[in-house]
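Below is one structure; the comments refer to it alone.
Bear in mind that the values in this text are calculations on the coordinates, not laboratory data. Fair warning: this is a prediction, and the values are worked out from it, not measured in the lab. Cβ atoms come from the backbone with ideal geometry, glycine included; neighbour counts cover every protein chain shown.
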Amino acid sequence: MASDELDKVELPALEQLQSLRWTYIEGSKLSPDESDERSSLKDVVLEKRLTTSLKRINPWINDENLRKVIRELTKTLYSNLVEANQGIWTHINQCISVMQDLGKGNKGQTVHIIDFEHPENNEFLCTNQFKVSGVNQNIIPDIILFVNGLPLAVLECKSPYITNPMEAGINQLLRYANRRAPENDEGAEKLFHYNLMMVSTHRDKARVGTITSRMEHYLEWKDPYPLTVEQVGSAEGSQDVLIAGLFTKANFLDILQNFTVFEPVDGRVIKKIPRYQQFRAVHKTIERLRTGTTAKDKSGVIWHTQGSGKSLTMVFLSIKMRRDANLRDYKLVFLTDRTQLDNQLTSTFTNTQGETIHHANSVKDLKEFLAKDSSDIVTAMVQKFQENADDLEFPVLNESDKIIVLADEAHRTQYGTLGAAINTALPNAPRIAFTGTPLIKSQKTTNTFGTYIDTYTIEQAVKDGATVQILYEGREAMLRVTGDSLDGLFDEYFADRSEDEKAAIKKKYGTQKAVLEAPQRIRRVCIDIIKHYREHIQPNGFKAMIVTSSRNAAIIYKEQLDKLGAPQSAAIISSDHNDEKRFWDYTDGTKHKKQIEDFKKPLGVGEGQSELSILVVKDMLLTGFDAPVAQVMYLDRKLTDHTLLQAIARVNRTNKNKFRGYIVDYFGLSDYLTEALEMFSSDDIKGALVKLIDELPKLKNAHTRVLKHFDGLDLNDLDACILSLEEEVKRQTFQTDFQIFSKQMDIILPDPAATPFIKDLRRLGRISVGARNLFRDEQLDIAGAGEKVRELIEEHVYSTGVDPKIPPADLLAGNYEEVLNQHKSSRSKASEIENAIKQHIKINIDEDPEYYKKLSERLKDIIRKHGEKWDELVQLLLDFRNDIEKERKQGAKEAGLTETEYAFFNILLAELEGEKTIDEAKVKDVVQSLVHMLDEATQIVDFFNKWDEQKRVRRDIKRIIIANFDESMVKPVSERFMELAKVKFG
């Protein structure tokens, strides 16, 4: 597999980087042993190259200030990785100030770390297999990209032929950056202090993330803008497209400077870089603003479906405009209805541009800010102007064409009055609208913002994994309030009332409102919701929202949920001046804030988790609310057009093991769903809601595909099915197909439509677990299939007397032969011993590399000679198993060495192989001398993190080797002895 990884992924990536004019140097040529680029494996910055680049970009700088800048970039202490990464990014982008006299006295001078204006004035270097020393072990990332000696990107390459190569690559990146289990110090965190982006690739697919990205947030880069996919000459979404899009010199520096933000989210800082559609949209908008001749020509709409990062696109565009020579002097006017976005814009500009933001809190403020001829930033939150709509009659305030209006969700009705007023006030200002829902057909030609600048559809976002597909399900026809059933439902729920009372209720509320708020009906809906939630949603650790027809209905829902013993819930509704006392508990803003925080936390009882499972709302939180843990929305009210698309998008955010979002409809939306969405173009809303019936063909196809792996075999013949997966590649393709089938089952379960497939799911799961144990193949993992599926499989496996959580028996365990005899056929037994021996060698090879390498060769020889003679092979392998450790101990004893010395002895003998004569007595003396020296040296506290001490030991090894053997042995023996010393004495 390693050669596939190198030949098919790593080398093509390096070749493409060189075609983009990155200079290539082999990683070993940058090691402390072979060059003066680094004095230690702990050094991650190429200081000589950094020094040369700083002098080239800042020719005026003196040596003292040069040393100060390098010290600032390499020696400053930070408390954690994210703080370090943000601090260094700030230095690179905002420069470092030094005091120096350039002829007019000692003044503060700006030192540029990277020349963003002239990309070719920087040094771009790519390398592979660049070894870095971590706290507990070395790491060797596949490819590292340096700009001016700073390691700004890491690429991890995986063979396209292993199971889940993408996940394996991302997992390795998380380990390298010490983000997987920080307490274990698995990686080399300092390398990632400088990191802009991390890429996992297996040629066919490549994804990019940042130091704070979880696995599900790594995404493909599918548009190599300004190039096209055709110009790159590759399939969409491939490694070639990502490299062409991210690593052209101009794009890479552009992302570093203009498309990187650090956002506080739920108490932690998240680093974000753009998705391809954000990068593309910003550049297309800048182009339109530059080339348009009139305000209308320059205006337009960016439609990026909800959940795909539309708000961040506004931030990126604003930063980019402020850095553009033609646009930096423009006044920017932001119209938004979300405090979160307003705060985001303010903090971004304060942090990156040092600008003052003017918040318009009144009509008077707004008029004053708009009339001012200055290149400042004005934000207006729409809600603040709704109650004073009568005051929103603006005269022409500013006729400058150097003003740009940027409106968030500008199609919403609340923008009407304010938007029209600003259009009058700023007649020559281009207007850029951002929307998460498409324009209705009529708006495409008549809206005041003009044509689409860029689109990113619902279907594209789902395909990219930026959002999850939403599955629509209508529930309980008898509970619906649409159609002919409405009067019948009214009579049912108010049967105990007199005709006069019924008439009075209808007059006061209307039939529909009365039915929607009827406590008996809401109780029945709650019973169904609780059942659906506990069976479909809760097992995978997700949460729910209930959307009601009125504030009163929301309170009744909350009361009924509590009476029925539902999982913990909260009702969040807006307040009204005339509210009765029963509303007060649910309209408290302080309480809302705490409830929203709790709802966003993972479901659970531990620290950082919350048991709050269900939010009941009417209008609140239907827009701009981002909670990836929400998987289902139970709808019990009528929603149409934009409101419907905005509401359902609350459950489309990605999260680990979240394969779909669900809309469960109790109102009867399906009766007018087509009508509700027909105002949009069919291409724009394609894939917005998928029905359960549409998922069944996918399940059937996945089922058929996974069964093909066992054509001609009986799924009940466990041994035969497992042994048919003996070849690693076949195991991997089976596991990939089995995971697709499992995920599709998880989407549908426990719906009865999944019932016909459960028997095969259990049997295939048992085969997967059995193959994992027999072949010691950790890639065969059912954990990612979803909790409902995993429980079904584990129950079945338990029933056969196997605990799927317990790893297979160790080769040298006392009860190993008892475990072996559980296998029915001799072939199965032979396979069990063979794979147990392979696993034993794999685990122990670092303890005595040469001894276990020879064992591996002997094992291959036995299999080759006796492959089909199963009974004979079982006995030979058992004998081999019984002798494994005896032979090593015996070998050490006969050589007169300890087991530790024997491991070094085997290495030295291997390196001497090919010599005409080998004096084993001399080899033994040299080994004992070196092992004694290494044992003493490693007693120094933290020896393996002290490069100077290691250098001294390497010199001693060199001296002893040269005194006894050929000088050509110095390097391989030094390397291998130091590696083994870390295992034995580290």
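Quick rundown of the values:
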quantity	calculated
Surface/4 of the Cα convex hull for the stretch 237-282, nm²	3.9 nm²
For D781, distant residues with modelled amide H under 5 Å away	none
Contact order relative to length of the stretch 816-895, as percent, for alpha carbon pairs under 8 angstrom and 6 or more apart	33 percent
Among (i) 1.00; (ii) 1.10; (iii) 1.25, the entry derived from the coordinates for Cα Rg over 2.2 N^0.38 Å	(ii)
In the stretch 891-958, the GluC sites (Glu not before Pro) that fall in loop regions by DSSP, at most 15 other Cβ within 10 Å	E913, E915
Neighbour cut-off at most 12 other Cβ (10 Å), DSSP loop, GluC sites (Glu not before Pro), the stretch 535-603	E580
Per-residue HN-Hα couplings for the stretch 628-642 [Karplus 6.51, -1.76, 1.60; θ = phi - 60°; Hz; x = Gly/Pro]	x, 6, 7, 10, 10, 10, 8, 9, 9, 7, 7, 10, 9, 5, 4
Filter on K854/K922; K271/K601; K131/K158; K886/K971 - keep pairs with C-alpha separation over 29 Å	K886/K971
Interchain or long-range residues, amide H under 5 Å from L406's placed H	V333, F334, L335, I432
Modelled FRET efficiency - R0 30 Å, D579 with E607, Cβ distances, 0.05 increments	0.25
Computed FRET value (nearest 0.05) for K691 with K593, which takes r as the C-beta separation and R₀ as 35 Å	0.45
Extension gain from T424 to E83, taking 0.36 nm per residue of separation minus the Cα-Cα distance	118.2 nm
Residue order, fewest to most surrounding Cβ atoms within 10 angstrom, among M620, M314	M620, M314
Under 15 Å from K75, Cα to Cα: aspartates and glutamates that are on another chain or at least 8 residues apart	D43, E47, E83, E189
Convex hull of Cα atoms in the stretch 695-798, direction-averaged projection (nm²)	5.9 nm²
Cα-based Lys proximity count in the stretch 683-752, under 26 Å, for pairs eight or more positions apart or on separate chains	14
In sequence order, calculated HN-Hα J values of the stretch 959-968 (Karplus, 6.51, -1.76, 1.60; Hz; x Gly/Pro)	4, 5, 5, 4, 5, 10, 9, 5, 4, 5
For the chain, calculated [θ]222 nm from helices alone, where every DSSP H run of n ≥ 4 adds -39500 (n - 2.57)	-14500 deg cm²/dmol
Relative contact order (%) - criterion: Cα under 8 Å, at least six apart; region: the stretch 899-985	35 percent
Under 24 Å from K298, Cα to Cα: lysines that are on another chain or at least 8 residues apart	K284, K310, K320, K331, K367, K372, K402, K441, K444
Top positive-direction residue, dipole computed over the chain with Cβ charges, set Q16, A420, I740	A420
Distance between the stretch 83-136 and the stretch 33-66 - C-alpha centres, whole angstrom	11 Å
Dipole magnitude of the stretch 899-985 about its Cα centre (Cβ charges: Lys, Arg +1; Asp, Glu -1), debye to nearest 20	320 debye
Nonlocal amide H pairs with Q109, under 5 Å, H built at 1.01 Å	V98, M99, Q100
For the stretch 648-665, Karplus couplings with θ = phi - 60° (6.51, -1.76, 1.60), whole Hz, Gly/Pro x	5, 6, 5, 10, 9, 6, 7, 7, 4, 6, 9, 8, 8, x, 10, 10, 10, 9
Cα gyration tensor shape of the stretch 893-974, rounded if a/c is under 1.5, else prolate or oblate by comparing a/b with b/c	oblate
Nearest-0.05 FRET efficiency for I862 and R955, computed from C-beta distance (R0 41 Å)	0.40
Ranking of K558, K600 by count of other Cβ atoms within 10 Å, fewest first	K600, K558
Size of charge dipole - the chain - debye, nearest 20, with Cβ of Lys, Arg +1 and Asp, Glu -1, no other charges	1620 debye
Amide N of the stretch 697-720 lying under 18 Å from the label point, which is placed 7 angstrom from the Cα of D760 along Cα→Cβ	697-718
Rel. contact order, % - alpha carbon contacts under 8 angstrom, at least six apart, the chain	7 percent
Of all DSSP beta bridges in the chain, antiparallel share, percent nearest 5	35 percent
22 Å tail of the calculated P(r), the stretch 470-688, as % of Cα pairs	52 percent
Exposure proxy order (Cβ contacts within 10 Å, fewest to most) of S97, S549	S97, S549
